[in-house]
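All of the numbers you see were taken from the coordinates with simple rules; none came from a lab. These figures come from a predicted structure and were not determined experimentally. Here Cβ is always computed from backbone atoms with ideal geometry, including for glycine, and neighbour counts include all displayed protein chains.
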């Protein structure tokens, strides 16, 4: 079964890596044509967009996977049941996005003032971003259906098309000099909007079903999705609150610090990619109708192998962070020392994701709210203490602390409500050895770059060989399973 999860992770992973690579080309691009303050606007907006998306999708993504699996288990007219489920979910999320766009457009002046001086001077930024959110939300459930149907090729093709369009339009706008106009970074949002319109329109046209809200069905759906929605809102707020606290709590140069922080967190792209592709594959995988014994066994093993892969990625970036710093413009590299902390926070977000599958499976999604609220509270408390004193360095640590708290709460609930035999002794061993290798590399005096990178490579290879032999992993067999065609 885990071979299937590895294969699905690889399918989504290849496309996600390629897509994010193209998307992250915008990071070195934008950090070289915009200053730290202008890039701070981009960081701010792209921290807020996920919050709006999570809120307006109403927790329906996970609900769709769960109720589609239940329709298959129930038998009968499975296709008809799935079609009614899809049209209702698509209808309610589309309605929510249209209302959101209408309200933001109507009150754009007031919203712009609340967001800060830059937006008050350019209310069109707010309207464009609201339109991006609207189209992305309208395409969300159709994209989820492609995942549920296993139509990975169509899914990844459209996602790649969106990114290629966005990058291509951004380069075009720069080439014709639009970024030098008074509208400035607003053209980056225009590029995103055009890409979202095209790809969302295509995926919606593939549905073959019109959105139609069946209000009687919504009560059942919301009973499942509402706790997930509240949890996702709290969780996403926890992910962007550090950026908002920088904007409002740093005494001087807040937008510049926000720009540096945003650029450095983008460097952690590989870890972000891995967590994202794992989520894309694992969510429908673990929410299928497995027996409890199978689920518990697979979930326990999956966490261990997730941590092995995560620590390899951590070392692969942290040991070479001076090279990764070259991704961003010169002004932004001063913040590279926070990268290991950001990577650690990203690893922990994948840990509590893995710890969340049991209550999604058991339809006890109210537990998700306790996890994310605890993380949000920790992020706000730590941020209010650390950010005024340490700026973006304090923001990185506040995010790490929040992830630690969410893992601790998730694990406690798992132990009490759904005991799963996670091999924490072995997991702790891998984490301890990986961190020790990183600290050793930091402590050793480096005479020059050649010595530094040679030693870093030796340490990385040593860790990789250690975990492969410790776990007796058949690397060739795993690669054959991942690459094998269906």
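Take each peptide in 120-130, 33-43, count the other Cβ atoms within 10 Å of every residue, and average; sorted highest first, the result is 33-43, 120-130. Specify the inter-centroid distance of the range 123-138 and the range 98-114, based on alpha-carbon positions, in whole Å. Centre-to-centre distance over Cα atoms comes out at 10 Å. For the range 34-213, averaging the sequence separation of C-alpha pairs within contact (under 8 Å, six or more residues apart) and dividing by the residue count gives a relative contact order of 29 percent. Counting every other Cβ atom within 10 Å of each residue's Cβ, 304, 70 order from fewest to most as 70, 304. Using the rule -39500 (n - 2.57) for each DSSP H run of four or more residues, divided by the residues of the chain, the 222 nm mean residue ellipticity is -28500 deg cm²/dmol. Here are some values of log10 I(q)/I(0) by the Debye sum over Cα atoms at q = 0.11, 0.13 Å⁻¹: (i) -0.98, -1.42; (ii) -1.01, -1.16; (iii) -1.15, -1.27. Which one was computed from this structure? Computed from the coordinates, log10 I(q)/I(0) by the Debye sum over Cα atoms at q = 0.11, 0.13 Å⁻¹ corresponds to (i).
Whole Å is fine, so just give me how far the alpha carbon centre of the range 309-365 lies from that of the range 188-248. Result: 23 Å between the Cα centres. First measure r as the distance between the Cβ atoms of residue 78 and residue 429, then evaluate 1/(1 + (r/R0)^6) with R0 = 51 Å and state the FRET efficiency to the nearest 0.05. That gives a FRET efficiency of 0.65. Look at 140, 417 and count the other Cβ atoms within 10 Å of each Cβ; fewest to most, that gives 417, 140. Note on 465, 104: ascending count of other Cβ atoms within 10 Å places them as 465, 104, the fewest first. Peptide packing: for 47-54, 419-426, the average count of neighbouring Cβ atoms within 10 Å per residue gives the ranking 47-54, 419-426, highest mean first.
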